[in-house]
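The values are calculated or read from the model by the stated rules, or taken from the named source; none is laboratory data. All values reported here derive from a predicted model rather than from experimental measurement. Quick reminder, even Gly has a Cβ in these numbers, built from the backbone with ideal geometry, and neighbours come from all protein chains shown.
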Amino acid sequence: MLLLAAINQTVGNVPVGLSGGAELAAAAVGFALLPAALALCTCFPRIFVTLSILRQGLGLGAVPSNLIVLGLSVALTVAAMTPTLKAAWDGGLSQLASGNSADPMIAVKGAEAPLRTFMFDQLQAQNGGPTLEAVLKSKGTPVEAGQSLTRREVDTLTLAPAFALNELRVAFMLGFKVLLPFLVIDLAVAAVMASLGLFMTPPSLISLPMKLLLFVAVDGWAMVSTGLIAGVTRVAGT
């Protein structure tokens, strides 16, 4: 969808009468760019980065594995964005998939509208205005300080990177909050061991079981996961 929007803005309308080979090549390119669209236009970066920081804070290394963290992030992203994804499907993707749409770009624009609304709402809720202004200035668009732009004045190719950058900023802020309890435990264990003169024993050997015990006691994975979903859906009004 992001690819078709870029093509539409750069070369105009995309011809509908493509040959079978061209359609197959276009489908292959679309599927290849699907992960990029997932990372740019959804809350996936926020969830994946936060869960990765949480894993590092626990001190477990590669446990759980990257595959598990990735799969959990995708599942949580789908759960958080179900209303938006359903609106995008009903807005045009269903017609495009069934072949009922005579002009693919009309179907794409109908599906693009809910995602644009989602990205704008998240930027507004997370104070992402400076990020959007920075992306606009990097593209050579003159933006004065404090200038208010309407949503129609911001194209999707500007909105998507601004949204992705803002999601990374939010993810690191959440990661900082997640790491604070583990940091307190590490400092407390290190201070106690230093007062006892146990300089040869690594503090992580003692703090790791304590962090795991605390994390399991509060059901940490469920608490963090539901918090991430609630942070997205609360803004979307679902």
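Remarks
- Residues located in region 60-82, provided they are hydroxyl-bearing (Ser, Thr, Tyr) and under 21 Å from residue 232 (Cα atoms): 73, 77, 82
- Scoring residue 27 on the criteria (1) at pLDDT below 80; (2) among the small types (Gly, Ala, Ser); (3) touching a helix residue (DSSP H, G or I) at 6+ places or on another chain (Cβ under 6 Å) leaves a single failure, condition (3).
- Against the list (1) at pLDDT 70 or above; (2) hydrophobic (A, V, I, L, M, F, W, C); (3) surrounded by fewer than 18 Cβ atoms within 10 Å (Cβ to Cβ), the condition residue 97 fails is (1).
- Taking (1) at pLDDT below 75; (2) assigned to a helix (DSSP H, G or I); (3) charged (D, E, K, R) in turn, residue 152 satisfies each apart from (1).
Okay, residues lined up against (1) at pLDDT below 65; (2) more than 28 Å from residue 151 (Cβ to Cβ); (3) out of contact with any His (no Cβ under 7 Å at 6 or more places or on another chain); (4) basic (Lys, Arg):
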position: 19; (1), (2), (3), (4): yes, yes, yes, no
position: 43; (1), (2), (3), (4): no, no, yes, no
position: 69; (1), (2), (3), (4): no, yes, yes, no
position: 92; (1), (2), (3), (4): no, no, yes, no
position: 110; (1), (2), (3), (4): no, no, yes, no
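- Scanning region 158-180 for residues that are out of contact with any helix residue (DSSP H, G or I) (no Cβ under 6 Å at 6 or more places or on another chain), part of a helix (DSSP H, G or I) and farther than 30 Å from residue 138 by Cβ turns up at least one hit.
- Where a residue in region 150-176 is within 18 Å of residue 36 (Cα to Cα) and its partner, wherever it lies, is modelled with pLDDT of 90 or more and β-branched (Val, Ile, Thr), with Cβ under 7 Å and at least six apart: 168/49; 171/49; 171/50
- For region 215-233, a tally of residues being farther than 19 Å from residue 79 by Cβ and exposed (fewer than 14 other Cβ atoms within 10 Å of the Cβ) returns 3.
- Test for residue 207: is it at pLDDT below 85, over 30 Å from residue 120 (Cβ atoms) and among the polar types (S, T, N, Q): yes
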